[in-house]
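Visitor: Dropping a structure here in structure tokens format, bear with me for questions.
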Amino acid sequence: MTITIPHSTAGNDPRFEWRGTFTNKEINALHSECFEHPLSDDDWWTQVNAFSLGWVCMRVSGDLAGFVNVAWDGGVHAFLLDTMITSALRRCGFATSLVEEAVKHAKASGCEWLHVDFDPHLRDFYFGACKFQPTDAGLIRLR
């Protein structure tokens, strides 16, 4: 399921909601579109409620058009995961607004650090528009 939303959202400004409601069907469709994989039947609602500090839903005309998950360690570190904007609204500043909303709520929740990892083509987005700072980090591929 691909959401078709015109680039002009006049009169239908995006609505951002911290810990907003969503259905598994609509988040699975958005994830499939954004990460280019077959549609799955994951239980996102149970997962984010059990393991996340929060998440931000972006809706346009009632449709889920963006999402970002803010996982955390239960202390002062939070982690951005699964930043998604439907293809019809990419490169319009909505992803930046989505991340800004996540940053605001992570900070208000008492987190001191917000981490993100990303594919190389997103470097300018996270280091530029979103103002993340480059750090040394390590990674071990487990599968």
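Visitor: List the residue ranges in the chain for DSSP H helices whose C-alpha atoms run 20 angstrom or more along the long axis and whose Kyte-Doolittle average is -0.5 or above.
Guide: Numbers: long enough: 94-108 (21 Å, 0.18).
Helices passing the filter in the chain: 94-108.
Visitor: Just add up the charged neighbours of V60: K/R +1, D/E -1, any other residue whose Cβ is under 11 Å from the Cβ of V60.
Guide: Details: positive: R15, R59; negative: D13, D63.
With Lys, Arg at +1 and Asp, Glu at -1, the net is 0.
Visitor: How much net charge surrounds C34 when only the other residues with a Cβ under 10 Å from the Cβ of C34 are counted, with Lys and Arg +1 and Asp and Glu -1?
Guide: Numbers: positive: R90; negative: E33, E36, D82.
Overall, the nearby charge balance is -2.
Visitor: Can you pull out the trypsin sites (Lys or Arg not before Pro) in the stretch 52-105 whose DSSP state is coil and whose Cβ has at most 14 other Cβ atoms within 10 Å? Could the numbers behind the result be given before it?
Guide: Values: sites: R59, R90, R91, K104; in loops: R90, R91.
Those that pass, being in a loop and sparsely packed, are R90, R91.
Visitor: Give a quick list of GluC sites (Glu not before Pro) in the stretch 87-143 that DSSP marks as loop, anything other than H, G, I, E or B, with at most 12 other Cβ atoms within 10 Å. Kindly include the intermediate steps, with their values, before the conclusion.
Guide: Numbers: sites: E100, E101, E112; in loops: E112.
Listed in order of number, the matching sites are E112.
Visitor: Let's test the formula: R0 of 22 Å, r as the Cβ-Cβ distance of T21 and A50. What FRET efficiency results, to the nearest 0.05? Can you show the working numbers first?
Guide: On the way: r = 16 Å, r/R0 = 0.73.
Between T21 and A50 the formula returns 0.85.
Visitor: If the reach is capped at under 20 angstrom between alpha carbons, list the aspartates and glutamates near K131, excluding any in the same chain fewer than eight residues apart.
Guide: Result set, ordered by chain and number: D82, E100, E101, E112, D117, D119.
Visitor: Compute the distance in nm between two label points, each set 7 Å from the Cα along the Cα-to-Cβ direction, one at K131 and one at R91.
Guide: Simple spin-label model gives 2.6 nm for this pair.
Visitor: Tally Lys and Arg at +1 and Asp and Glu at -1 over the other residues with C-beta under 11 Å from the C-beta of F125: what net charge comes out? Present the calculation step by step, with values, prior to reporting the outcome.
Guide: Numbers: positive: R90, R91, R123, K131; negative: D119, D124.
After counting each charged neighbour, the total is +2.
Visitor: Which whole-number percent is the relative contact order of the stretch 15-129 (Cα, under 8 Å, 6+ apart)? Don't jump to the answer; show the numbers that get you there.
Guide: Numbers: 179 pairs, mean separation 27.3, N = 115.
Once divided by the residue count of the stretch 15-129, the mean separation gives 24 percent.
Visitor: Show that you can apply the helix-only estimate: for the chain, add -39,500 (n - 2.57) for every DSSP H stretch of four or more residues, divide by all residues, and state [θ] at 222 nm to the nearest 500. Mind showing how you got there, number by number?
Guide: Values: 3 runs with 35 residues, N = 143.
Theoretical 222 nm ellipticity from helices: -7500 deg cm²/dmol.
Visitor: With a point put 7 Å past each Cα toward its Cβ, work out how far K104 is from S61 in nm, to one decimal.
Guide: Spacing of the two 7 Å Cα→Cβ label points: 2.5 nm.
Each reported figure results from applying straightforward, stated rules to the coordinates on display, with no laboratory input. On a predicted model such as this, the values are computed, not experimentally measured, just so you know. In this analysis, Cβ positions are derived from the backbone assuming ideal geometry, glycine residues included, and neighbour counts consider all displayed protein chains.
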